[in-house]
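Q: The structure that follows is given in the form of structure tokens.
The values are calculated or read from the model by the stated rules, or taken from the named source; none is laboratory data. Just so it is clear, the structure is predicted and the values come from calculations on it, not from any experiment. Please note: Cβ atoms are built from the backbone with ideal geometry, for glycine as well, and neighbour counts cover all protein chains shown. Ligands, DNA and RNA are excluded from the accessible area calculation, which covers all protein heavy atoms including side chains. Shrake-Rupley method; radii C 1.70, N 1.55, O 1.52, S 1.80 Å.
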Amino acid sequence: MMVRMLLLVCAFALSACASTQRTLSYHGGMSDADVMVGNQRFQVWFHERDATVLVMRGAPRPFSQLLAQNLTVFAQDQTLGIVWWGAAANAVLNQMRCSATEVTGADQMREVSYVCDAGVDVRAAVDARREVWRQGVVVAAPAS
């Protein structure tokens, strides 16, 4: 009951944001990739239609739970610079001959736009790699 109430409160808080509808356009459930950048853990979701990924800080858990955690527990933590979010996205994008182009957002979640080399079928590549990525992708921390 408490979790449902917390999620309801978070949903109302999110509804005030212009980016709410965009964030909620990502599929729910578990992330497509669990990424460690240095000593920081991120979850990555690929958008089903657009060339973007949603990157959220934290350990693997369903989308709604991680969203609630990032809006509450991590809400005031601004210690990680933008390069960390790009590094998390590129940890999986680079494996498909793609790369991050722009990082937007705030708090503990970012949306990252990307481009790919000609002929890359992103959906097929993600489907082929998802199970391995969920076991963990590790990359070095970015240089400050």
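Q: Where in the range 34-144 are there strands (runs of 3 or more DSSP E), lying fully within it, with 2 or more residues that are open to solvent by 40 Å² or more (accessible area, probe 1.4 Å) and of a type outside the set (A, V, I, L, M, F, W, C)? Step through it out loud before you land on a result.
A: On the way: elements: 40-46, 52-57, 98-106, 109-116, 137-139.
It comes to 98-106.
Q: Next question, about the same structure. Kindly list, by first and then second residue, each pair from a residue in the range 118-143 that is among the aromatic types (Phe, Trp, Tyr) to a residue that is surrounded by 15 or more Cβ atoms within 10 Å (Cβ to Cβ) and in a helix (DSSP H, G or I), limited to pairs with Cβ atoms under 8 Å and residues at least 6 apart or on different chains.
A: Going by the 8 Å Cβ cut-off, the qualifying pairs are Trp133/Val92.
Q: It is to be established whether one or more residues within the range 36-57 are free of Cβ contacts under 8 Å to residues at least 12 places away in the same chain and under 13 Å from the mean Cα position of the chain (by Cα).
A: Within the range 36-57, none of the residues are free of Cβ contacts under 8 Å to residues at least 12 places away in the same chain and under 13 Å from the mean Cα position of the chain (by Cα).
Q: Return the total of residues in the range 87-129 being modelled with pLDDT under 95 and over 16 Å from the mean Cα position of the chain (by Cα).
A: 0
Q: Would you mind telling me which numbered condition in (1) open to solvent by less than 70 Å² (accessible area, probe 1.4 Å); (2) at pLDDT below 65; (3) not hydroxyl-bearing (Ser, Thr, Tyr) Val9 fails?
A: (1)
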